[in-house]
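So the structure is just underneath, and the comments pick up after that.
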Amino acid sequence: MGLSGEFTGVKPSGLPLGQISQEDTMYAAEGEEYIIEENNHISVQYIRIHILETWDNGTTVAQFAELEFYGDIDK
């Protein structure tokens with residue numbers, strides 16, 4: 001059992017992959033937020049993030065500036 005969710009970031013300009021506008025750059029600098037809501041309190045040991053596609057010619061490489069996890073640490 002684990003947490004799961006799916007998030008799709010929308011490119012503001014709508015330009016094809018590999019083309020980025022100033023609007024896209026400003027949007028990316030602001031960042032996006034995705035919160036996985038889970039009503040059941042479960043323990044997890046690992047977090048997996050699977051990138052399917054990015055704005056850069058469909059590569060699957062991404063860089064995270066900040067990740068936050070909430071909860072109690074099980075010992």
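Between the listed residues Ile47, Leu15, Tyr70, the Cα displaced farthest toward the positive end of the dipole of the chain, a dipole computed from Cβ unit charges relative to the Cα centre, is found at Ile47.
Give the calculated FRET efficiency between Leu17 and Tyr46 to the nearest 0.05, with a Förster radius of 35 Å applied to their Cβ-Cβ distance. Before the final figure, lay out each step's value.
Working: r = 30 Å, r/R0 = 0.86.
With a Förster radius of 35 Å, E is 0.70.
Which value, in debye to the nearest 20, describes the size of the charge dipole of the chain about its Cα centre when Lys and Arg Cβ atoms bear +1, Asp and Glu Cβ atoms bear -1, and nothing else is charged? Intermediate values should be presented prior to the final figure.
Details: 3 positive and 14 negative charges, 55 e Å.
With Lys and Arg at +1 and Asp and Glu at -1, about 260 debye.
A value for Cα Rg over 2.2 N^0.38 Å was derived from the coordinates, and within the list (i) 1.11; (ii) 1.31; (iii) 1.37 it appears as (iii).
Ranked by how many other Cβ atoms sit within 10 Å of their own Cβ, fewest first, the residues Ile36, Ile20 fall in the order Ile36, Ile20.
Laboratory data are not the source of any read-out in this text; all were calculated from the coordinates shown. Note that this is a predicted model, so its numbers are computed, not measured. Heads up, the Cβs are rebuilt from the backbone with ideal geometry, glycines too, and the neighbour counts pull from every protein chain shown.
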